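The values are calculated or read from the model by the stated rules, or taken from the named source; none is laboratory data. What you see is a predicted model, and the numbers here were worked out from it, not measured in a lab. All Cβ positions, glycine included, derive from the backbone under ideal geometry; neighbour counts span all protein chains shown.
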Amino acid sequence: MYAWPASEVPALPGQGRDLRIHDTATEGLVTLDPGPVARIYVCGITPYDATHMGHAATYNAFDLVQRVWLDTKRQVHYVQNVTDVDDPLLERAQRDDIDWVALAEKETALFREDMTALRMLPPRHYIGAVEAIPGIVPLVERLRDAGAAYELDGDIYFSVESDPNFGKVSNLDAAAMRVLSAERGGDPERPGKKNPLDPMLWMAARAGEPSWDGGSLGQGRPGWHIECVAIALDHLGMTFDVQGGGSDLAFPHHEMGASHAQVLTGEFPMAKAYVHAGMVGLHGEKMSKSKGNLVFVSRLRRDGVDPAAIRLTLLAHHYRADWEWTDQVLQDAVDRLGRWRAAVSRPDGPDAEALVEEIRAALANDLDAPAALAAVDRWVTRQDTEGGTDIGAPGVVSRAVDALLGVAL
Ligand code: 5CA
Ligand code: ZN
């Protein structure tokens, strides 16, 4: 699948910093030391509705990860999937009486537009679940041949007990896992499973639903977790630097993915850091397609909101915090963007080198974007009150804000 165009990332004076980031698996900060090519997998959308602020906030967090790495002169190998066949997509297509392929294509196209407008760097490989099926089938066969999978009425399940490290990504107890499994695409109540938490690897064809030739697995379609494992292992290999998503993906999705990979390769963990963004809410509840309490990126753009202001709203919240979208947080960002643009439009100003270092330090410290914004605010206040004689300083500020925060001033 094609992704979207990359905006240019200006090079900055001085030296970038290595990223220290919170890892859900070890429940603490880890300093990542990627090779010359940093490797990151970020779970993509299930394209049955438009990009909302929760999605945008999560992709913003992982865009910052890339920008910190690029600033250290590393290349970034970024992979993202599109869950372009799954129950919620098929249900929405049926509800609205449209073709599921057309729905997925339409919403994926809109997502590309939204990501481009928000200046999110594109993945090098943007892979749909459907196009990944030929790579998924042999992995499921291998899991079955290894004794880690079993059949139930034609469906094939993964046995979580086959993984000695099961539970070490999300660190939850069995009761919590069971609740989340039921909420997030699992079927813990289904009779006949070895363990209620066991996730599906391959779903036998259902009447009226799309299905593919699964070789020895029979006609069917892939389970959700194995999809991301197949794409990640194919394009990044084992032990890549970061697997990312919103905090609702820690369990079951990333836990199960690590388990599949553990049985397939004998190694744990699949990613050196499991990084999870907080949930954005609206009116006191998590924004979600299933609840319908959504603020869409495309809707705001249609209303004439500058995408840079949307991005500044996201950046004003720490990526790990849960926060609420309100008209006020957007208005604050619109005001801030105006102040910043006025300050960098002058030819000279206060020295900017220390500011670049402050932004770098803030982001390297678990992506503390609010601290980075506060540092820029201080420079802008100095520009407004005292001004400065440093020719070109505003240009340095504008390039730093672009390169490190993805905001074009
Ligand atoms: N296709 C799967 C991942 S393989 C999926 O979770 N798709 S999604 O469309 O439901 O979500 C896409 C990304 O947005 C995920 O990382 C998810 O954790 C994140 N996300 C969804 N809702 C919110 C929210 N309210 N706040 C923050 N992030 C969210
Ligand atoms: Zn995923």
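Hey, can you tell me all the residues within the range 310-321 that are part of a loop (DSSP other than H, G, I, E, B), in contact (Cβ under 8 Å) with a residue 60 or more places away in the chain and of a type outside the set (Ser, Thr, Tyr)? Passing the criteria: His317, Arg320.
Quick test for you: out of Val179, Val130, pick the one residue that is of a type in the set (Val, Ile, Thr) and more than 30 Å from Ala109 (Cβ to Cβ).
Numbers: Val130 fails: more than 30 Å from Ala109 (Cβ to Cβ).
None of the others qualify; the one that does is Val179.
Return yes or no: is Gly266 assigned by TED's automatic domain parsing to the domain that holds Val169 and either free of Cβ contacts under 8 Å to residues at least 24 places away in the same chain or within 19 Å of Leu110 (Cβ to Cβ) (or both)? For Gly266, the condition - assigned by TED's automatic domain parsing to the domain that holds Val169 and either free of Cβ contacts under 8 Å to residues at least 24 places away in the same chain or within 19 Å of Leu110 (Cβ to Cβ) (or both) - is met. Within the range 285-309, residues that are in contact (Cβ under 8 Å) with a residue 60 or more places away in the chain sit with their Cβ atoms under 6 Å from residues that are among the polar types (S, T, N, Q), at 6+ positions apart or across chains, in these pairs: Met287/Asn293; Val297/Thr51. Scanning the range 381-396 for residues that are surrounded by fewer than 22 Cβ atoms within 10 Å (Cβ to Cβ) and aliphatic (A, V, I, L, M) yields Ile391, Val396. What do you reckon, is Gly135 surrounded by fewer than 16 Cβ atoms within 10 Å (Cβ to Cβ) and either among the acidic types (Asp, Glu) or farther than 19 Å from Gly245 by Cβ (or both)? The answer is no for Gly135.
Restricting attention to the range 221-245, and to residues there that are part of a strand (DSSP E or B) and near ligand 2 (Cβ under 10 Å from one of its atoms), which single residue is farthest from the chain's Cα centre (by Cα)?
Of the residues in the range 221-245, the ones part of a strand (DSSP E or B) are 221-222, 240-245.
From what is left, the residues that are near ligand 2 (Cβ under 10 Å from one of its atoms) are 243-245.
Working: Gln243: 8, Gly244: 5, Gly245: 4 Å.
Ranking the candidates gives Gln243 first.
Taken over the range 164-186, the criterion of being surrounded by 15 or more Cβ atoms within 10 Å (Cβ to Cβ) and assigned to a loop (DSSP other than H, G, I, E, B) is satisfied by Asn165, Phe166, Gly167, Lys168, Val169, Ser170, Leu172, Gly185, Gly186.
Being within 13 Å of ligand 1 (Cβ to nearest atom), assigned to a helix (DSSP H, G or I) and at pLDDT 95 or above holds for only one residue in Ala261, Ala250, and it is Ala250. Of the set (1) under 14 Å from Ala25 (Cα atoms); (2) surrounded by fewer than 24 Cβ atoms within 10 Å (Cβ to Cβ), all apply to Leu233 but (1).
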